[in-house]
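Trainee: Below you will find the structure I want to go over with you.
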Amino acid sequence: MPAHPDAGAVRVRAAEPAEIDHLAKVWYDGWQDAHCHILPAELTRIRTLESFRDRLRAVLPHVRVAGPFPTPVGFCIAKGDELYQLYVSAKARGSGVAAALMADAEARLAAAGVELAWLACAIGNERAARFYEKSGWRRARTVVYQPDASDGAPLEVWRYEKRLP
Ligand SMILES: CC(C)(COP(=O)(O)OP(=O)(O)OC[C@H]1O[C@@H](n2cnc3c(N)ncnc32)[C@H](O)[C@@H]1OP(=O)(O)O)[C@@H](O)C(=O)NCCC(=O)NCCS
């Protein structure tokens, strides 16, 4: 059951190559909103719009989006057993878009045979943490995490887990 009553009305689909620039901006803006005041300044320096564009290009077949082509309002990326990224533009937060993206990702992970999914949440990202908890995820523990090979020092994050049906 999605964590928002309007989530069922939101259609989630595969991202198109023509949407990469727009999605990079959604990611960049969301990263600034959620992380620039709680993560080291070094990370803020390397999280450029171009860096998000490159990461999206590299994982495009795994990117799922919600909202109209070519300006989706949110996206989610799952890889392996990890819910790797979830970003919704500020104007679409609280609307059920995040819950729809999450439900789609969980269904895809479960269909791929994942029984225990996990995700990393920056320590102090309270809105995301609240969202994960109301979506049935459990904060398991604090772990050391390196989201991208080109990053500097690994970070401590909250590891969330969810057992999938
Ligand atoms: C995380 C994210 C996808 C969640 O989507 P959302 O649409 O904002 O989620 P919702 O509004 O349904 O749920 C967020 C909850 O946090 C609450 N909340 C809002 N601000 C909060 C804060 N500062 N501290 C704690 N809770 C907060 C909301 O009230 C809501 O809870 P409620 O439904 O019980 O009232 C979205 O906020 C986002 O894209 N944030 C920026 C990027 C990000 O942090 N991504 C996750 C990286 S780990």
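The values are calculated or read from the model by the stated rules, or taken from the named source; none is laboratory data. Computed from a prediction, not measured in an experiment: that's the story for all the values here. When we count neighbours, we look across all protein chains shown, and the Cβ atoms used for this are built from the backbone with ideal geometry, even at glycine. Accessible surface is based on the protein model in full, side chains and every heavy atom, while ligands, DNA and RNA are left aside. Shrake-Rupley method; radii C 1.70, N 1.55, O 1.52, S 1.80 Å.
Trainee: For the chain, what are the per-bin percents of Cα-Cα distances with bins 10 Å wide, up to the bin holding the maximum?
Mentor: Bins of 10 Å from zero give 10, 41, 40, 9, 0 percent of pairs.
Trainee: Could you tell me the relative contact order of the range 1-95? Use alpha-carbon pairs under 8 Å, at least six residues apart, and round to a whole percent.
Mentor: Taking the mean separation of contacting Cα pairs over the length of the range 1-95, I get 34 percent.
Trainee: Note the count of lysine pairs whose C-alpha atoms are less than 25 angstrom apart in the chain, limited to pairs 8 or more residues apart or on different chains.
Mentor: 6
Trainee: Between Asp21 and Ala112, what is the label-point separation in nm under the 7 Å Cα-to-beta-carbon projection?
Mentor: Modelled inter-label distance: 2.9 nm.
Trainee: Name the residue farthest towards the positive end of the dipole of the chain from the options Ala128, Ala34, Ala15, assuming +1 on Cβ of Lys and Arg, -1 on Cβ of Asp and Glu, about the Cα centre.
Mentor: Highest projection toward the positive end goes to Ala128.
Trainee: So what's the back-of-envelope 222 nm ellipticity for the chain, counting only DSSP H runs of four-plus at -39500 (n - 2.57) apiece and dividing by all residues, rounded to 500?
Mentor: That comes out to -10500 deg cm²/dmol.
Trainee: So, one more: Rolling a 1.4 angstrom probe over the protein heavy atoms, how many square angstrom per residue are accessible across the chain?
Mentor: On the way: 8390 Å² over 165 residues.
That works out to 51 Å² for each residue.
Trainee: Okay, next question. Evaluate the distance, in nm, between pseudo-label points positioned 7 Å from the Cα of Thr71 and of Ala9 along their respective Cα→Cβ axes.
Mentor: Using points 7 Å along Cα→Cβ, the separation is 2.0 nm.
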